[in-house]
Amino acid sequence: MLIPSELRIKARELANKIPYQLIKDSPTVKYYTQWNLFDRCIETGGNTLSKLPQSNDYDVVIHNGELIKGVELLGDQVNIGIDPSESRIIARHLANLREVYPIVIKGDVEDEVKVLLSYGGEQNELNSNHVIINVSDYAVVNLALSIVGNGGCGTNVVEVNVGDGATLNLLTYSTNINPSFSLIRVTEGSGASVNAYTIVVNGEMTHHREDYILQGQGASINSNSLEFGSGNSRVDYMINIMHVGEHTMSNSTTRAIALDSATVVHRGFGRITDRGRWSSTSIEGKVFIGSSNAVGMSVPIIIVDTGDVNGARHSATDASIDEDQELYLRMRGLSREEAIGLVVYDMVTGFLDSISASFKGSVSQIRESLMSLIRGR
Amino acid sequence: MGMRQDLYNLIEDGITPEEVLSKNTPVRRSVEIKGEVTKDVVEELSKIKREPDWMMRLRLRSLELFNKLPTPNWLPNWVLDNINLEDYISYARPDVNRSSNWDEIPPEVRQYYEALNIPEIEARALMGLGAQLDSEIIYINIRKQLAEKGVVVLPMEEAVQKYPDLVKQYFMRVFPPEHKFAALHGALWSGGVFVYVPPGVRIEAPIEGFFLISNAGEGQFEHTLVVADKGSYIHYIEGCSAPRLSKYSFHDGMVEIYAHEGAKVKFTTVQNWSRNVINFNNKRAIAERNAEVEWVEASIGSVASFVYPSTILKGEGAKTEITGITIANGKGHVKENGAKVIHDAPNTSSKVVNKSISANGGTAVYKGVVYVRRGARFVRSHVACDSLVLDGDSKAYTIPHDQVFDDTAVVTHEAYTGRISEDKINYLRTRGLTEEEAKSLIVLGFISDVTEGLPFEYAMVLNRVIMLEFSKYGKVA
Amino acid sequence: MAELRIEDLAISVDGKLIINGVSFGVRSGEVLALMGPNGSGKTTLFMTIAGHPRYNVVRGKVMLDGEDIIKLPPEERFLRGLMVAFQTPTVVPEVRLSTLITAMINKINGRKLTDPAPPSLVNSLMKGIQEVGLTPAHLSRGVNHGFSGGEMKRSEILQLLMVKPKVALIDEPDSGLDVDGVFAVGKALLSLANSGTAIVLTTHSAKILHVVKPTRVLVLNRGRIAAEGGMELVEEIEKVGYENFLKAR
């Protein structure tokens, strides 16, 4: 599905004008994502030569903005749910795209539907992928999404519309090298429920954002995420939950690991609008700082626009193992380094073990990659 | 006595204090400076105050910065729309002489103080009192004990003249003119209190400062500087009140605290400005090695308030506690409170407790930053924010930032926003209370963290004020 | 035949002298019960022997198999066969109990910490859980995370059973446990002693000593050994209490 030309023109115009992010909080808060790194990325419009990814394991593969596999799952024309005026990066994303792919997942598909958004190119080339996934009313769907960058900058947007009464189990795995912007925007209808598992790994500057818009009454989201940053990575993970419908519920738990000289940020945003009466939100995050040069940051924000609320809570921790814990583990024969290694190992395996059995296939692949990443240290 | 009794009767009927006080006659004034904030205005201000050169230069530098710095984009638009500095009378000296005896003050001025119960409080709990009316200190009473111990409690202008070298070391060095309103303050500051506590001296009873805005279009720019030398202890209380006004009033005060090695400073503010006031206060403390700074901030009044007490833990082992209670009661009220802690040294710790109550369409906001520098080892920080939103139209926002650059730190944050839980109300009802009584009790218990640290009279007055704010929730014996 | 020998140990904490001249020895298979009122210094003694940095050895020796281990860091003492079960264990939510136990065994056997548990360990673990009265679910929880006081004790004992150290110091294995729990833990300790571990334990209520009968009993008071003997000391303390017991000596 081609991008409407008015939209593309608007995007091109705004791509040089509007800022990446408007900081309105306070005089001391700086940017968490280093947007200036994206300035060196140049739009390719999809004209790059690069190695195609392995398609066997996936049902849908989109590489550098082009559909390589999965044409049978394409749906009809749909409205694009993001607007270039949201921010510069989104404007640039839309300006860089040729096509947007609508995918329909209908009835009960037992196995996971595996979608790969891949991009690759020279270090300064920007490639973009955009997919719109519709989950039919009352369907039960297992969707495994992979966002894989093999070089060059990337913008990847996945819009998901979850129909009334539908259940979406969503597993997202994203691994990047150069600056990358990923936005996964999920809009839920009445009574819809989403169980999301997200794993974000490394990258020079990875901005990974998930928006869950609980539009319909009684919609719910249960999200568990794992952020992993090692080497010189900088990972900025942002989860936005907007309660628009009444009696909506959200629960978000994030575990993050910062090693070596990596900076890992957890931003959790729970918002209950004045229409979202009798809703509840709970956001919890822990950033584990695993080395002396690593940096951890937490920004857990609650915005409650009405007192007719069932409760909004959040908690955040930034820490390494504390002195007591270190001593306890030393008395169990482990040095500090070994103790930290054990924590990292258990945080990762524990997370993988908690992922629903519907994703057995994807999880074993992810486990292999992550274990080799950890073991190689 | 008669007027106080009438006032209490009216308050019992559920009328707010400012509604009563607005019936008072305005105070006569002798000098008024109006118009644009130009270099001339600032120079004239400095001359009237007979300030040394360095202070005038400081004011002029601040004015320069004020003109250069951008308007903060983190204030709500309607607030910015309603601050037109050129319109404000930035300086006014009421036609009253200095006095150290209560009875010598002209009757109409005394009325304000009597209505707020000042004489009794002074007699019992305080060691000294500074009262400011329309940018001037008019009532100062330093007790002999303080003077003998070498403690200095003076109006800020007087301190600038009497102890220039001491004041110069700290004035706007703790909080330099980093943003537009701090710069404006630096240019126009007037009034406020200077406190110096010598090494090892402990002042057990709290010291109070006091000021009023009595007319519309008044700017309040008082500057309070507390310097606690090594090993000293002081508790300073700041409380204020103003009648209802027809135009928006704007307050841009500053509090600077310097706690030297081993010193302990507790700074309590009970702010109850009338609903026409937009209250801005720049508060910052620097704590040296093993020093402790405690901020207690109760923000009850004003239609909009932006106060974020902050502490820089500069020396090893320094600690800070920042406790705040914010009440946003009324449609369009925006009350922002918060805490900023910079952990700049090892073994420092911070504890932030912030409670807010929003009702009748008000919005309470917490904005905080906890920053741990790399190399600041073994830092412990905990922030707890609780917000009670009493009805469907009111709002609460919690916006904290934790930035940890050292792996030996443990920085935690937790927050909860909700209504008064049904379970709690039901439990209290099974113990004989009505629903309204139960709610009142819960609200009082909710803010007890703050009231516990206050001297008895203040706690009583604060509780009374809060109960009046929520008078529709009934009275508790 | 392993041996732990304490010679004239004096310990200070924050400048205060807590232990002032304690000596004792314990060999493989023996059970030494260390009793004493609150504040007598039992936990201080254990923490010091385990290598807690806050405790300062003013004089004396701690000999493990003839080697003075005072200068060794805690992890070295563990690898030489000394293991402590704590009175109030630390909570480590990020590391699962099963992971920790596997890591300890792996380290002792020279394997990589995160290597999977060999089948023999898995079997022992299943048996061990039953012995101490825990469930497999406890294994997947973070160490002591959400555990009740009694469950923490059982978890510490489970670790001992899996490691089978040369010397085990157990600080109040019975506090927080009900009658059945005390019985289960007591029996577990008995089997540990029978398999050759030298055990030193402190106890809160002495009830556990009726299950795991001590070879010797020491009574500590104000940093010194006030009495030495056998089970008869325990019975006397149970009858008259510490105050009277100590007064009579």
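Derivation of every value follows stated rules applied to the coordinates shown; laboratory data play no part. The structure displayed is predicted, hence computed values, not measured ones. Cβ coordinates were reconstructed from backbone atoms using ideal geometry, including for glycine residues, and neighbour counts include every protein chain displayed.
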Inset, instruction - Please name which of A:Thr187, A:Tyr20, B:His333 has its Cα lying farthest along the dipole of the protein assembly as shown towards the positive end, using unit charges on Cβ (Lys, Arg +1; Asp, Glu -1) and the Cα centre as origin. - result: A:Tyr20
Inset, instruction - Give the distance, in whole Å, between the Cα centre of the stretch A:52-122 and the Cα centre of the stretch C:77-118. - result: 46
Legend entry - For the stretch C:205-219 and the stretch A:351-369, distance of Cα centres in Å: 50
Inset, instruction - Name the shape class, rounded, prolate or oblate, that the alpha-carbon gyration tensor gives for the protein assembly as shown, where a ≥ b ≥ c are the square roots of its eigenvalues, rounded holds for a/c under 1.5, and otherwise prolate holds if a/b is larger than b/c and oblate otherwise. - result: oblate
Legend entry - Residue of C:Lys127, C:Lys239, C:Lys166 that the Gaussian network model of chain C assigns the largest fluctuation, springs spanning Cα pairs under 10 Å: C:Lys239
Inset, instruction - Answer rounded, prolate or oblate for the stretch A:1-114, using the Cα gyration tensor with square roots of eigenvalues a ≥ b ≥ c: rounded when a/c is under 1.5, else prolate when a/b is larger than b/c, else oblate. - result: prolate
Inset, instruction - Work out, in µm²/s and without decimals, the Stokes-Einstein translational diffusion coefficient of the stretch C:162-249 at 20 °C, 1.002 mPa s, Rh from Kirkwood over C-alpha pairs. - result: 155
Inset, instruction - Of the DSSP beta bridges with both residues in the protein assembly as shown, give the percent that are antiparallel, rounding to the nearest 5. - result: 20
Inset, instruction - Would you mind checking the radius of gyration and Dmax of the stretch A:284-377 based on alpha-carbon positions, in Å? - result: 17.5, 53
Inset, instruction - Between A:Ser291, A:Ser193, A:Ser174, find the one with the highest GNM mean-square fluctuation for chain A; connect C-alpha pairs within less than 10 Å. - result: A:Ser291
Inset, instruction - Starting with the fewest neighbours, write out A:Glu210, C:Glu7, A:Glu6 ranked by other beta-carbon atoms found within 10 Å of each beta-carbon. - result: A:Glu6, C:Glu7, A:Glu210
Inset, instruction - Take the Cβ-Cβ distance between B:Lys331 and A:Leu2 as r, set R0 to 60 Å, and report the resulting FRET efficiency rounded to the nearest 0.05. - result: 0.80
Inset, instruction - Could you list B:Cys385, A:Cys41 in order of exposure, starting from the residue whose Cβ has the fewest other Cβ atoms within 10 Å? - result: A:Cys41, B:Cys385
Legend entry - Ranked list, fewest to most other Cβ atoms within 10 Å of each Cβ, for A:Leu74, B:Leu428: A:Leu74, B:Leu428
Inset, instruction - With a Förster radius of 45 Å, plug the Cβ-Cβ distance of B:Glu204 and C:Ala248 into 1/(1 + (r/R0)^6) and report the FRET value to the nearest 0.05. - result: 0.35
Legend entry - Cross-link table B:Lys68/B:Lys162; B:Lys266/B:Lys367; A:Lys106/B:Lys395; B:Lys319/C:Lys42; B:Lys395/B:Lys424, entries beyond 31 Å C-alpha to C-alpha: B:Lys68/B:Lys162; A:Lys106/B:Lys395; B:Lys319/C:Lys42
Inset, instruction - Could I get the Rg over Rh figure for chain A? Both from C-alpha atoms, Rh via Kirkwood, rounded to two places. - result: 0.96
Legend entry - aspartates and glutamates whose Cα lies under 17 Å from that of A:Lys69, excluding same-chain neighbours fewer than 8 positions away: A:Asp57, A:Asp59, A:Glu99, A:Glu112
Inset, instruction - May I ask for the distance between the Cα centers of the stretch A:142-197 and the stretch B:391-439, given as a whole number of Å? - result: 33
Inset, instruction - Calculate the spin-label point distance for C:Asn56 paired with C:Ser140, positioning each point 7 Å from the Cα along the beta-carbon direction, and give it in nanometres. - result: 4.8
